[in-house]
């Protein structure tokens with residue numbers, strides 16, 4: 001009987017211990033769940049507040065980026081099917097990123113200047129002929145000629161430096177000049193039209209106009225280069241040399257005239273030329289990096305298709321950030337200090353949010369276009385992974401770079417329309433090629 005009592009007592013103690021453990025565990029789990037939900041609620045409120053504050057910005061920017069993605073996709077499809085040209089004209093890939101970037105830089109800055117002049121009343125929405133409009137058009141055309149020649153010389157120099165097989169300097173120059181003139185004849189009226197519509201409908205040029213202009217630059221650059229290639233193949237060697245000499249003379253005289261004219265044109269040329277020369281060099285450097293991996297790209301055309309998409313959308317994200325930071329600096333919303341403030345952090349959050357959405361989309365589009373056109377591709381997971389991983393790495397780096405460029409340029413009294421966006425997008429072009437190719441090689445080595 002005594003043993004039974006001891007057994008019952010032991011059972012009661014065990015049950016009491018189990019009950020106590022269950023109760024304590026339940027309370028502990030409840031507290032942790034409650035804490036977790038309080039964090040989620042807090043985060044949810046933060047996101048709710050974030051979306052409430054930035055809803056219109058996100059809507060406008062995402063619309064612009066998706067429109068740009070379509071333009072970039074067409075460029076990617078063209079580049080993905082240019083394998084024959086890349087083989088027939090060795091070294092051509094070196095100049096392509098610089099040419100695409102140059103168009104976006106020149107006409108993105110033109111669109112920004114036109115929008116500013118429209119808003120302050122110096123230009124009419126009908127774009128009647130005026131001194132300011134004429135100077136903006138002529139300066140953009142002058143910059144196109146100068147930079148096209150510079151691109152050709154730098155591209156040839158990089159090919160020699162790194163031992164790439166390449167076409168001669170005269171061919172490089174004629175292709176670059178003809179491509180630049182053809183695309184400029186399209187981009188000039190388009191930029192004016194987009195700036196006018198932006199002003200009429202009250203669109204924020206920081207979120208819509210600049211990315212759309214850049215997208216059209218991406219779209220028309222490659223067809224213009226292909227047309228330039230066709231023209232160059234029709235010319236004799238003697239005629240090529242004569243045209244080359246004439247073009248160099250015209251470029252020197254045009255630049256001299258622009259500097260001596262004075263006024264707005266002199267200011268644009270003087271401020272833009274050094275920056276755009278640096279940007280063009282960075283673009284050609286990016287092309288050199290792509291050319292060094294040309295075998296990988298030619299074996300995987302979906303990656304070749306992804307290159308303009310990835311570079312273009314990265315540049316657009318960076319352009320949006322640069323334009324927003326510049327506008328905030330001018331409006332006094334942020335101070336030109338080297339420490340991000342609340343408004344700056346909100347702009348960072350906007351760009352990261354857009355990047356999380358846009359990079360998987362462009363990876364999907366690149367692979368989908370390859371499959372639709374029966375071009376050999378990888379697979380959706382690999383291409384989306386390459387695009388997303390390399391994109392997020394790139395954007396996190398560019399957040400810091402764009403912030404520093406914006407603050408430092410404003411502190412030194414430089415016009416952000418001519419400085420921030422060109423430098424930021426060209427730096428992005430270089431780093432985008434590096435991150436994309438590196439991520440591609442790493443992921444391809446795993447699968």
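Laboratory data are not the source of any read-out in this text; all were calculated from the coordinates shown. The structure presented is a predicted model; accordingly, all values stated were derived computationally and were not measured. Positions of Cβ are backbone-derived with ideal geometry, glycine not excepted, and every protein chain shown enters the neighbour counts.
In which sequence would 85, 410, 256 go, from the one with the fewest C-beta neighbours within 10 Å to the one with the most?
256, 85, 410
Given R₀ = 56 Å, FRET efficiency for residue 270-residue 374 by Cβ-Cβ distance, to 0.05?
Computed FRET efficiency for residue 270 and residue 374 comes out at 0.65.
Could you work out how much longer the chain between residue 200 and residue 295 gets when fully extended? Use 0.36 nm per residue separation minus the Cα distance between them, nm to one decimal.
On the way: separation 95, 0.36 × 95 = 34.20 nm, distance 4.77 nm.
Stretched fully, the residue 200-residue 295 segment lengthens by 29.4 nm.
Taking the Cβ of each residue in 159, 68 as the centre, tally the other Cβ atoms inside 10 Å and list the residues starting with the fewest.
159, 68
Ranked highest first by average number of other Cβ atoms within 10 Å, how do 352-364, 89-101, 385-397 line up?
Ranking the peptides 352-364, 89-101, 385-397 by packing returns 89-101, 385-397, 352-364.
Which of rounded, prolate or oblate describes segment 55-446 when judged by the alpha-carbon gyration tensor and an a/c cut-off of 1.5?
oblate
What is the packing order of peptides 268-276, 429-437, taking the mean over residues of other C-beta atoms within 10 Å and listing the highest first?
429-437, 268-276
Per the Debye formula with a single identical scatterer at each Cα and no solvent contribution, what log10 I(q)/I(0) holds for segment 250-378 at q = 0.11, 0.16, 0.19 Å⁻¹?
-0.67, -1.01, -1.09
With labels modelled as points extended 7 Å from the Cα through the Cβ direction, what inter-label distance (nm, one decimal) is found for residue 392 paired with residue 67?
Between residue 392 and residue 67, the simple spin-label model gives 2.9 nm.
Mind ordering 339-348, 214-223, 189-198 by average Cβ neighbours within 10 Å, highest first? Can you show the working numbers first?
Values: 339-348: 15.9, 214-223: 25.1, 189-198: 19.1.
Result, highest mean first: 214-223, 189-198, 339-348.
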